[in-house]
Amino acid sequence: MSEQSIAGGRVAMLYVMEPPEGQQWGAVVDLMRAEARQQAEEVAARYAEIASSLTGQPPAIYIREGNSRDELLKLLAEDRSISVLVLGAASGSEGPGPLVTALTGKFGSQLRVPLTIVPGALSESEIDAIS
């Protein structure tokens, strides 16, 4: 889907790292945090390349540490240029995933933007057909 076609919009991507455990070991925690950050940057770069090829412009990339739901809600509150939230739902029997579950449940009232949920069972061609 070309995000540019939606009122000149731009894709924003969020990667949330889990905080390292073992807060009492400062040097080890710093190393764990640095390794997690490097992995986050590599993953974000890989998906940013895909987003850029689809939209013609690089996405805004946010890398944060903490709880995914909390960091997403903070980002939406901080960056007023984000106007739509798109989440992919898992297709397995375990449910749609923790973010989808939280944001369609009790945390949904904290959203300030519309939420679009893409079913995980859709193929790329099916997603292209509806976008």
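The values are calculated or read from the model by the stated rules, or taken from the named source; none is laboratory data. Note that the structure is a prediction, hence the values are computed from the model and not measured. Here Cβ is always computed from backbone atoms with ideal geometry, including for glycine, and neighbour counts include all displayed protein chains.
May I ask you to verify whether V100 is surrounded by 16 or more Cβ atoms within 10 Å (Cβ to Cβ), outside the structural domain of R10 (by TED's automatic domain parsing), within 16 Å of the chain's Cα centre (by Cα) and at pLDDT below 95?
Taking the combined requirement at face value, the residue does not satisfy it.
Search region 8-67 for residues being over 24 Å from T116 (Cα atoms) and among the polar types (S, T, N, Q), and hand back the single one that is modelled with the lowest pLDDT.
Across region 8-67, the extreme among qualifying residues is Q23.
Tell me the residue from A102, A45 that is in a helix (DSSP H, G or I), closer than 12 Å to M13 by Cα and among the small types (G, A, S), please.
A45
How many residues, within region 64-73, are surrounded by 17 or more Cβ atoms within 10 Å (Cβ to Cβ) and either assigned to a strand (DSSP E or B) or of a type in the set (A, V, I, L, M, F, W, C) (or both)?
Residues in region 64-73 being surrounded by 17 or more Cβ atoms within 10 Å (Cβ to Cβ) and either assigned to a strand (DSSP E or B) or of a type in the set (A, V, I, L, M, F, W, C) (or both): 2 in total.
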